[in-house]
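*Asks:* I'd like to ask you about the structure that follows.
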Amino acid sequence: MGNKISFSIILGFIVILSCVLVSCKSKIIKNTVTISERNILVNNANYKIKGICYNPVPKGSDVRSFESLSQDLALMVEAGINTIRVYSPIDDVVVLDQIAASNIKVIIGFGYNQNGFFDILSGSFINYVNTYKNHKAILFWELGNEYNYHPEWFDNDINNWYKALNNAADLIHKTDTNHPVATAHGELPSLEAISLCPNIDVWGLNVYRWDNPESIFNQWENLSKKPMYLSEAGADSYMTISKENYQQGVNQKTQADATKNILKSIFDNDKICVGVTLFSFNDELWKAGNNNQYDAGGWAPNSSGVPYDGTPNEEYWGIVDVDRNKKETFFVVKEKYLEDVKK
């Protein structure tokens with residue numbers, strides 16, 4: 001009888017262990033992101049990026065803070081946002097847990113030289129990948145943000161960046177087999193740039209072509225068979241001049257009208273483009289003057305295509321203002337991002 005009891009206990013333990021292992025395996029599968037032709041798959045299902053660029057710098061500061069995260073996530077959920085793109089890693093599991101609990105995924109961006117803060121130059125970025133690669137909030141890793149506009153950072157030879165980019169992507173692949181690697185390129189990359197970066201799985205393109213990015217999709221289709229998304233697109237809510245029936249000064253209608261046209265173009269071309277992370281969630285007052293007040297102006301490379309004045313007024317790009325009041329464009333985003341859900 002004693003042997004039977006012992007056998008029963010052992011058998012029970014094996015069953016429990018098997019269940020635990022199956023459960024663990026299910027969690028891993030649940031968090032797997034893969035590439036299929038031009039598509040991104042999450043849990044083997046097509047994933048359309050309905051995203052927003054997110055850099056929550058409070059009024060009076062020039063440093064990112066997640067003090068308003070709960071409020072921000074509630075607004076994002078209301079707007080149908082399923083993805084946020086950040087320009088530097090979030091080294092706080094509580095923040096990532098909160099994002100995941102809202103059913104939102106994160107594109108984690110790594111810079112080249114960030115004084116050793118999980119950057120590519122020091123190699124410390126891979127430590128972050130190792131730490132968070134099993135977190136369910138992660139959609140994919142993204143290396144650099146339109147560095148092609150800055151060859152001076154790479155001994156005046158932008159190919160030095162592309163080689164570093166490809167090597168970093170290769171290292172991530174060896175470390176994490178469950179998430180793709182992307183880069184955010186300023187506008188359309190050349191065929192040479194793409195050929196130098198075979199380890200990049202997804203190409204993000206920062207594109208400002210007035211209120212119609214339509215031409216980028218055919219160009220990409222003829223250039224590469226890999227997935228692409230618009231890592232930045234959009235408009236600001238300030239007109240430097242009066243133009244096209246839009247009055248000079250703060251002008252939310254300008255932003256709303258342009259965003260509506262841009263999003264329509266993106267989702268009308270969803271066989272080529274897997275989505276967008278619209279720039280941006282909140283206004284940032286640190287970019288063009290006094291950190292405590294709104295200032296017109298600011299500068300960004302290759303930004304003459306910003307609708308409708310050709311000028312990127314850097315403090316006015318949010319779909320909400322610095323105090324989280326919804327702008328007109330918030331409702332445009334909400335209508336478009338929730339469109340599929342309503343069908």
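The values are calculated or read from the model by the stated rules, or taken from the named source; none is laboratory data. Keep in mind that what you see is a predicted model, and the values were worked out from it rather than measured. Cβ placement follows ideal geometry from the backbone for every residue including glycine, while neighbour counts extend to all protein chains displayed.
*Asks:* Keeping to the stretch 106-144, report how many residues are in contact with a helix residue (DSSP H, G or I) (Cβ under 8 Å, 6 or more places away or on another chain) and assigned to a strand (DSSP E or B).
*Replies:* 7
*Asks:* Is at least one residue of the stretch 197-210 in a helix (DSSP H, G or I) and surrounded by fewer than 17 Cβ atoms within 10 Å (Cβ to Cβ)?
*Replies:* no
*Asks:* Regarding Leu205, is this residue closer than 19 Å to Trp141 by Cα and modelled with pLDDT of 95 or more?
*Replies:* Working: closer than 19 Å to Trp141 by Cα: yes; modelled with pLDDT of 95 or more: yes.
When the stated conditions are applied, Leu205 passes them.
*Asks:* While we're looking at this one, here's another question. When you go through Asn43, Asn103, Asn55, Asn82 one by one, which is the residue that is of a type outside the set (A, V, I, L, M) and modelled with pLDDT under 95? Write out each step before concluding.
*Replies:* Numbers: Asn103 fails: modelled with pLDDT under 95; Asn55 fails: modelled with pLDDT under 95; Asn82 fails: modelled with pLDDT under 95.
The match here is Asn43.
*Asks:* Same structure, new question: Before we move on, is Ala193 under 18 Å from Val274 (Cβ atoms) and buried (at least 19 other Cβ atoms within 10 Å of the Cβ)?
*Replies:* Considered against the rule, which asks whether it is under 18 Å from Val274 (Cβ atoms) and buried (at least 19 other Cβ atoms within 10 Å of the Cβ), Ala193 comes out as no.
*Asks:* A follow-up question, please. Can you tell me which residue is surrounded by the fewest Cβ atoms within 10 Å (Cβ to Cβ) among those in the stretch 218-252 that are of a type in the set (Lys, Arg) and out of contact with any strand residue (DSSP E or B) (no Cβ under 7 Å at 6 or more places or on another chain)? Quick ask: steps written out before the conclusion?
*Replies:* Residues of the stretch 218-252 of a type in the set (Lys, Arg): 225-226, 243.
Now narrow it down to the ones that are out of contact with any strand residue (DSSP E or B) (no Cβ under 7 Å at 6 or more places or on another chain): 225, 243.
Details: Lys225: 8, Lys243: 14.
Here the answer is Lys225.
*Asks:* For the stretch 278-299, which positions are of a type in the set (S, T, N, Q) and either part of a loop (DSSP other than H, G, I, E, B) or without any contact (Cβ under 8 Å) to a residue 24 or more places away in the chain (or both)?
*Replies:* Hits for the stretch 278-299 are Ser280, Asn290, Asn291, Asn292, Gln293.
*Asks:* Just wondering, is there one or more residues in the stretch 247-269 that are within 20 Å of Asn206 (Cα to Cα), within 20 Å of the chain's Cα centre (by Cα), touching a residue at least 24 places away in the same chain (Cβ under 8 Å) and outside any helix (DSSP H, G or I)?
*Replies:* Yes, the conditions are met somewhere in the stretch 247-269.
*Asks:* To continue, here is another question. Please determine, by comparing only the residues of the stretch 221-238 that are within 23 Å of Ser280 (Cβ to Cβ) and not in a strand (DSSP E or B), which one is nearest to the chain's Cα centre (by Cα).
*Replies:* Ala233
*Asks:* Let me ask something else. Quick check on Pro227: is it over 30 Å from Ser36 (Cα atoms) and in contact with an Asp or Glu (Cβ under 8 Å, 6 or more places away or on another chain)? Outline the logic, then answer.
*Replies:* Details: over 30 Å from Ser36 (Cα atoms): no; in contact with an Asp or Glu (Cβ under 8 Å, 6 or more places away or on another chain): yes.
No: the conditions fail for Pro227.
*Asks:* Of all residues being in a helix (DSSP H, G or I) and small (Gly, Ala, Ser) in the stretch 152-185, which is farthest from the chain's Cα centre (by Cα)? Just the residue, please.
*Replies:* Among those that are in a helix (DSSP H, G or I) and small (Gly, Ala, Ser), it is Ala164.
*Asks:* Right, here's the next one. How many residues are more than 25 Å from Met228 (Cα to Cα) and assigned to a loop (DSSP other than H, G, I, E, B) when one looks only at the stretch 83-101?
*Replies:* Counting residues in the stretch 83-101 that are more than 25 Å from Met228 (Cα to Cα) and assigned to a loop (DSSP other than H, G, I, E, B) gives 2.
*Asks:* Right, next: Yes or no: Gly275 crowded, with 17+ Cβ neighbours inside 10 Å, of a type in the set (Gly, Ala, Ser) and not in a loop (DSSP other than H, G, I, E, B)?
*Replies:* yes
*Asks:* Another one. Condition first: under 24 Å from Pro312 (Cα atoms), touching a helix residue (DSSP H, G or I) at 6+ places or on another chain (Cβ under 8 Å) and not hydrophobic (A, V, I, L, M, F, W, C). Now tell me which residues in the stretch 239-273 satisfy that.
*Replies:* Across the stretch 239-273, the qualifying residues are Tyr246, Gln252, Lys253, Gln255, Thr259, Lys260, Lys264, Ser265.
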